[in-house]
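For reference, the structure is listed below as structure tokens.
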Amino acid sequence: VTDLFKFRTGRKIPRLGLMMVGWGGNNGSTITASIIANKYRMSWHTKEGLQRANYYGSICMSSTVRLGYDASTNDNVHVPLSSMVPLVNPNDIVIGGWDISNANLAEAMKRAKVLDYDLQRQVAPQMENLKPLPSVYYEDFIAANQSERANNLKEGSQKLNHVELIRQDIR
């Protein structure tokens, strides 16, 4: 008995937004810079030599799926995962978020000291215009060393009101 199946997926890829809590921190500024570096195909110098932006390690961009094998050669046939199912290209992600500091993302990236200087220099012009939305600040949940940079806060102290303000930001 032979069954023939036809699989069909919708190919229209929707827009994807990513809103990060602590966007102006080490992780938020680094992921934003990484996406920008990949989007503009940047390269930069490190101690080890020239580095080019890539998505190595990204399951959606570098993984393959085994489809079967080639009967004439008995070799396995693999295709990129992104060619089988509709996935958002990370370069197309719309990024935003909240932070207790009003520093733009270029300043946040510089403060974080995570990325090589040459890369920071190149992505800074795109990141200078990115500024986090005001965030909530509850001393019990944020490290004590963050209080001196807490200058971008939602007003009030009622948590329920803060939730509604954040919902408005998302909409």
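What follows draws every value from the coordinates through simple rules; no lab data is involved. Fair warning: this is a prediction, and the values are worked out from it, not measured in the lab. Because the Cβ atoms are built from the backbone with ideal geometry, glycine has one as well, and the counts that use them run over all protein chains shown.
In vacuo Debye scattering of the range 39-94, one point per C-alpha: log10 I(q)/I(0) at q = 0.18, 0.22 Å⁻¹?
-0.77, -0.90
Run down the lysines and flag those whose C-alpha is under 26 Å from the C-alpha of Lys12, throwing out any fewer than 8 positions away in its chain.
Hits, sequence-local ones excluded: Lys39.
Scan the range 42-82 for trypsin sites (Lys or Arg not before Pro) in coil per DSSP, keeping those whose Cβ has at most 16 other Cβ atoms within 10 Å, and list them by number. Before the final figure, lay out each step's value.
Values: sites: Lys47, Arg52, Arg66; in loops: Lys47.
Qualifying residues, ordered by number: Lys47.
Could you estimate the translational diffusion coefficient of the range 32-141 from the Stokes-Einstein equation, with Rh from the Kirkwood formula over C-alpha pairs, at 4 °C and 1.567 mPa s, in whole µm²/s?
On the way: Rh = 17.0 Å.
Using the Kirkwood radius from Cα pairs, D works out to 76 µm²/s.
For Cα pairs less than 8 Å apart in space and 6+ apart in sequence, what is the mean separation divided by the residue count of the chain, i.e. the relative contact order in percent?
On the way: 238 pairs, mean separation 45.9, N = 171.
With pairs under 8 Å counted, the relative contact order is 27 percent.
Would you work out if the range 84-125 is rounded, prolate or oblate? Take a ≥ b ≥ c from the square roots of the eigenvalues of the alpha-carbon gyration tensor; rounded if a/c is under 1.5, else prolate when a/b is larger than b/c, oblate otherwise. Show your work: numbers first, answer last.
On the way: a/c = 3.03, a/b = 1.60, b/c = 1.88.
Oblate, since a/c reaches 1.5 and b/c is not below a/b.
Rounded, prolate or oblate: pick one for the range 1-72, where a ≥ b ≥ c are the square roots of the eigenvalues of its C-alpha gyration tensor, a/c under 1.5 means rounded, and failing that, prolate if a/b is larger than b/c, else oblate.
The shape class here is oblate.
Calculate how many DSSP beta bridges within the chain are antiparallel, expressed in % of all such bridges and rounded to the nearest 5.
Values: 10 of 18 bridges.
That works out to approximately 55 percent antiparallel.
For the range 92-171, what D do you get in µm² per second when you plug the Kirkwood radius from alpha-carbon pairs into Stokes-Einstein at 37 °C and 0.692 mPa s? Don't skip to the end; give the middle numbers.
On the way: Rh = 14.1 Å.
Rounded to a whole number, D works out at 233 µm²/s.
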